[in-house]
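Participant: Please read through the structure below; I'll follow up with questions.
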Amino acid sequence: MIHLIDRGKKERLVEKIDTHLRRTARQLIKFNTLQETLNYLIDSFWNQFTCDYVSILLKDSEYLFNRSHKGTSPHFEQQFPLELALITEEFLDEPLCNYDFVETPNHCALLQSIEAEGFSAWFTVPIKENAMDSYGVCVIGFRSDVLLLSDVHKLFIEFGNDIAVAINLAIQKEQEKRKIKGIEWVKDNLLLGESTESLMEGIVEQAGKGTNADSACVYLYDEWNHCLIYQPPTFGSLDVPVVIDMRDTFQLSDLFPGLEKVGGQEMTIPLVVNRKTIGVLHVSRSLEGPAFDGEDLNFLRLLSSHVSVMIENARLYRNEQKDKNRLEQMMVHHQELVKQTLVGEEFSGLTQTLSQLLHCSVLLLDRFMRPIFSCPKEDEQEQIEQIIEWIRREKDLRLIIQGEHWIRPGSNQSFGIWPIVGGGEGLGFLCLKINESQLDMTLRITINQALNVFAIQFIKQKLVLEVKEQVKGSFLDQLFAEKITNKGKVVEYCNLFNLNLFEPHKISVFTFLTGEEELNLIDVEGKKTWMVDQLRDHLLQWDAGLVLARKEGNYLILVPERQDQVKDDYWKGLYERIKRIIKLEFPNSEVFMGISDWAREMEDYYSCYKQALQTLRIVSDRFPTKGYMSFDRLGSYTVLYNIKDPFVVQAFCDKYLKPLLDSGDKGRDLFDTLRAYVYWNGNLKETAESLFIHRSSLKYRLEKIADLLSVDISDVEERFNVMLAYKLYDLYE
């Protein structure tokens, strides 16, 4: 129902309303934010129409929200948000008042809410720009009856259009302001040293807010693994993969369909520095939201142009800090490596320290590619054994290595081998189980320092061994001299080598032919030295009382007297062990060993050394298949090979005749009995008749002779030795 009033008065009222609406519309475009626009609009309606309630309702997604209001309306405000599906479109398309007919009023939640509030009069103004979709509706309510003019219907439509333009303009200004604010944030807040998480949080927040996206995230490119790695956190809720593999693709558009494209619900912008892509910035909206447009694309491009450089600078800064810390830590470990060379003589401390520094398994080899010491990581012992086996199969590996060499037994495994050189001489090799692609400058510096430290340790060990050998050589020269001039000095040397001269010893001298004379002489001698070191360790584990040395090109073993060494099994076991170890390095080798009698006094060592040498010569020439022999088993060969050596003749005669002559009053009888026995070629009857004694007496004498000489005089070879001793006795005595 429309109230009737004077026509002139009505025209003046309409004109007044029109003037107010136009003035209000002009003021609306001056505001920069949506909230400022809404607040001014509310105040304008409130003051002009002296209403009791005014509210501006705006659409957002599938709901109508009460964005701004003035006055009291408890029941009406509690109904929001309202689903758009429950509101008739008439409210969103044209002005309505309490006099107008609304279709399906029972199905319009907005109309029911207005009527339930109990307004005496009300009218609504749609916020709509021409044929565009409606932004919402403005509701004005009166508690008392007021005059509502039908002539202002057109004015409110135009005013609603002006409001829509103003709101749209305010929204655009807010978006531009957010974009500008985002760029200012980049300038003011992205600082060197900032954590990656804080940096990414600011970037995705500005990207999401600047484009009104529901979510945003950043991926950075990993060159080593050729993949994109997600950098937390995200803006909004977004379920993204942590790693995007790029080994099978070179186009970002294959992974991100919205790469620099408008009109979709996703948009991706590459992060580029110096024409090099370092990652991507990705934003997305829900399917119900508007598509990304050109302004969003321009904003993201502008943002990416700033943050790309900052991300790269931050990454370079962090890498520099990381490298600095690594270098500082490397110097600490280098000092620890140097310390190990000062306090220790072995390679175990050096190898373990290097393994902890590089976090990898370490294998140390000598210059013949044989393992010295290994320090494997957990669960990598089998891999170390495999690499040792692989190296053993590569006989010429040491000839082809120039600087470094890589072994790749599998697609994800690699072993690096570096030569250890000192004074221009190859000393050994360092093997590391490490990924070649991760070997950067810092690691190479660390490895080079480790190689220098290992070289120092090799040289140190070499010098120590040389000094020990010189001392041992001097000691042996004095101990094995025919006349010892300074016995006290010899005893001091013996203490250094744990040799007790006050207990009997046998001297064993052994030598070997390598069967590899075609090789370089220096290489052969080096392999011999290494082999003897291994032999020393093995024999000392077998018998801790042994003393090993080298003299005149031969290898000596001094063996203390013990009960088990009386048996021949001991010397056989010693020879077999020496032979087995030597053949591991020289498969075609021949090993010979000569063993002396017991040296019970200091003066006996010279003669025993000569005995061992003499036995060694006879074994190598006459009994090569036997390999070893004791001096007391040589018999006449000792004299026949050295007939001009009076010492050898005297020792031979003493062995077979002196025990008889020194046996007391009956010694001469035993001496003559043995001469007759060998003269008659072991015939008991003829021997007894020639001595004018009974046959039983002859047997008694022969048994006693056998006990004194510890020989089997019934053996033909032994009888020959005894006969030769008598003839030499007659000749020299």
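The values are calculated or read from the model by the stated rules, or taken from the named source; none is laboratory data. All of these numbers come straight from a predicted model, not from anything done at the bench. Cβ sites come from the backbone with ideal geometry, for glycine too, and all protein chains shown count toward neighbours.
Participant: For the stretch 271-290, give me each residue that is loosely packed, with under 14 Cβ neighbours inside 10 Å and either of a type in the set (A, V, I, L, M, F, W, C) or in contact with a helix residue (DSSP H, G or I) (Cβ under 7 Å, 6 or more places away or on another chain) (or both).
Facilitator: The answer is LEU287, and nothing else.
Participant: Same structure, new question: Being part of a helix (DSSP H, G or I) and touching a residue at least 40 places away in the same chain (Cβ under 8 Å) is the filter here, so list the residues in the stretch 426-440 that pass it.
Facilitator: Filtering the stretch 426-440 down to residues part of a helix (DSSP H, G or I) leaves 436-438.
If the condition is that a residue be part of a helix (DSSP H, G or I) and touching a residue at least 40 places away in the same chain (Cβ under 8 Å), then SER437, GLN438 are the ones that fit.
Participant: For HIS505, only one of the following conditions fails: (1) exposed (fewer than 13 other Cβ atoms within 10 Å of the Cβ); (2) at pLDDT 75 or above. What is its number?
Facilitator: (1)
Participant: Is there any pair with a first residue in the stretch 595-613 that is of a type in the set (Val, Ile, Thr) and a second that is modelled with pLDDT under 85 and surrounded by 22 or more Cβ atoms within 10 Å (Cβ to Cβ) whose Cβ atoms are under 8 Å apart and which are 6 or more apart or on different chains, and what are they?
Facilitator: ILE595/PHE631
Participant: Taking the stretch 107-129 as the region of interest, how many residues are under 28 Å from GLU288 (Cα atoms) and either touching a helix residue (DSSP H, G or I) at 6+ places or on another chain (Cβ under 6 Å) or modelled with pLDDT under 80 (or both)?
Facilitator: Within the stretch 107-129, the subset under 28 Å from GLU288 (Cα atoms) is 107-113, 124-129.
Subset that is either touching a helix residue (DSSP H, G or I) at 6+ places or on another chain (Cβ under 6 Å) or modelled with pLDDT under 80 (or both): 107, 109-111, 113, 124-129.
Residues that pass the stated criteria total 11.
Participant: Enumerate the helices (runs of 4 or more DSSP H) found wholly within the stretch 50-123, keeping only those where 3 or more residues are crowded, with 17+ Cβ neighbours inside 10 Å. Walk me through how you get there before you give the answer.
Facilitator: Numbers: elements: 74-77, 90-93, 109-117.
In the stretch 50-123, the matching helices (runs of 4 or more DSSP H) lie at 90-93, 109-117.
Participant: Select, from LEU297, LEU316, the only residue that is surrounded by 14 or more Cβ atoms within 10 Å (Cβ to Cβ) and of a type in the set (A, V, I, L, M, F, W, C). Spell out the reasoning first.
Facilitator: Details: LEU316 fails: surrounded by 14 or more Cβ atoms within 10 Å (Cβ to Cβ).
Exactly one of LEU297, LEU316 is surrounded by 14 or more Cβ atoms within 10 Å (Cβ to Cβ) and of a type in the set (A, V, I, L, M, F, W, C), namely LEU297.
Participant: Still on this structure, please answer the following. Quick one: in the stretch 214-231, which of the residues that are in a strand (DSSP E or B) and free of Cβ contacts under 8 Å to residues at least 60 places away in the same chain is surrounded by the most Cβ atoms within 10 Å (Cβ to Cβ)?
Facilitator: Step one: list which residues in the stretch 214-231 are in a strand (DSSP E or B), which gives 215-222, 227-231.
Adding the requirement that they be free of Cβ contacts under 8 Å to residues at least 60 places away in the same chain leaves 221-222, 227-231.
Values: TYR221: 19, ASP222: 13, CYS227: 16, LEU228: 24, ILE229: 15, TYR230: 19, GLN231: 20.
Going through the qualifying residues, I end up with LEU228.
Participant: Go over the candidates THR249, THR211, THR268, THR234 one by one and state the one that is without any contact (Cβ under 8 Å) to a residue 24 or more places away in the chain and surrounded by 17 or more Cβ atoms within 10 Å (Cβ to Cβ).
Facilitator: Numbers: THR249 fails: surrounded by 17 or more Cβ atoms within 10 Å (Cβ to Cβ); THR211 fails: without any contact (Cβ under 8 Å) to a residue 24 or more places away in the chain; THR234 fails: without any contact (Cβ under 8 Å) to a residue 24 or more places away in the chain.
Only one candidate qualifies: THR268.
Participant: Given (1) of a type in the set (Ser, Thr, Tyr); (2) exposed (fewer than 13 other Cβ atoms within 10 Å of the Cβ); (3) in contact (Cβ under 8 Å) with a residue 24 or more places away in the chain, identify the lone condition not met by TYR726.
Facilitator: (2)
Participant: I'd like to know if the stretch 343-363 contains one or more residues that are closer than 22 Å to ASP533 by Cβ, in a strand (DSSP E or B) and modelled with pLDDT of 70 or more.
Facilitator: yes
Participant: Also, I was wondering about something else. Given the residues GLU197, GLU201, GLU205, which is the only one that is part of a helix (DSSP H, G or I), under 29 Å from ASP440 (Cα atoms) and assigned by TED's automatic domain parsing to the domain that holds SER308? Walk me through how you get there before you give the answer.
Facilitator: Working: GLU201 fails: under 29 Å from ASP440 (Cα atoms); GLU205 fails: under 29 Å from ASP440 (Cα atoms).
The unique qualifying residue is GLU197.
Participant: Which members of the stretch 584-597 meet the condition of being at pLDDT 85 or above and aromatic (Phe, Trp, Tyr)?
Facilitator: Hit for the stretch 584-597 is PHE592, nothing else.
Participant: Now for a different question. Determine which single condition GLN541 fails, assuming it passes every other condition in (1) part of a helix (DSSP H, G or I); (2) without any contact (Cβ under 8 Å) to a residue 40 or more places away in the chain; (3) more than 30 Å from LEU365 (Cβ to Cβ); (4) of a type outside the set (Lys, Arg).
Facilitator: Here GLN541 meets the rest and fails (3).
Participant: Just for the stretch 367-386: of the residues that are out of contact with any helix residue (DSSP H, G or I) (no Cβ under 8 Å at 6 or more places or on another chain) and not in a loop (DSSP other than H, G, I, E, B), which one is surrounded by the most Cβ atoms within 10 Å (Cβ to Cβ)? Outline the logic, then answer.
Facilitator: Quick first cut of the stretch 367-386, residues out of contact with any helix residue (DSSP H, G or I) (no Cβ under 8 Å at 6 or more places or on another chain) only: 372, 378-386.
Narrowing further to those that are not in a loop (DSSP other than H, G, I, E, B): 372, 381-386.
Details: ILE372: 16, GLN381: 12, GLU382: 9, GLN383: 18, ILE384: 20, GLU385: 14, GLN386: 14.
Checking each candidate, the answer is ILE384.
Participant: Report whether or not ASP621 is of a type in the set (D, E, K, R), touching a helix residue (DSSP H, G or I) at 6+ places or on another chain (Cβ under 6 Å) and closer than 28 Å to GLU482 by Cα. Before you say what the answer is, go through the steps one by one.
Facilitator: Values: of a type in the set (D, E, K, R): yes; touching a helix residue (DSSP H, G or I) at 6+ places or on another chain (Cβ under 6 Å): no; closer than 28 Å to GLU482 by Cα: yes.
Against the criterion (of a type in the set (D, E, K, R), touching a helix residue (DSSP H, G or I) at 6+ places or on another chain (Cβ under 6 Å) and closer than 28 Å to GLU482 by Cα), ASP621 does not qualify.
Rundown of residues vs (1) within 60 Å of the chain's Cα centre (by Cα); (2) closer than 21 Å to LYS610 by Cα; (3) modelled with pLDDT of 85 or more, yes/no style:
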| residue | (1), (2), (3) |
| --- | --- |
| VAL639 | no, yes, no |
| LYS666 | no, no, no |
| LYS685 | no, no, yes |
| TYR700 | no, no, yes |
| GLU703 | no, no, yes |
| SER710 | no, no, no |
| ASN721 | no, yes, no |
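Participant: Also, quick follow-up: For the stretch 256-263, state whether one or more residues are part of a loop (DSSP other than H, G, I, E, B) and among the β-branched types (Val, Ile, Thr). Steps first, answer last, please.
Facilitator: Of the stretch 256-263, the ones part of a loop (DSSP other than H, G, I, E, B) are 256-258, 260-263.
If we keep only those that are among the β-branched types (Val, Ile, Thr) too, we end up with 262.
Within the stretch 256-263, one or more residues are part of a loop (DSSP other than H, G, I, E, B) and among the β-branched types (Val, Ile, Thr).
Participant: While we're here: Return yes when LYS610 is closer than 18 Å to PHE631 by Cβ, buried (at least 17 other Cβ atoms within 10 Å of the Cβ) and either of a type in the set (Lys, Arg) or assigned by TED's automatic domain parsing to the domain that holds ARG367 (or both) and no when it is not.
Facilitator: yes
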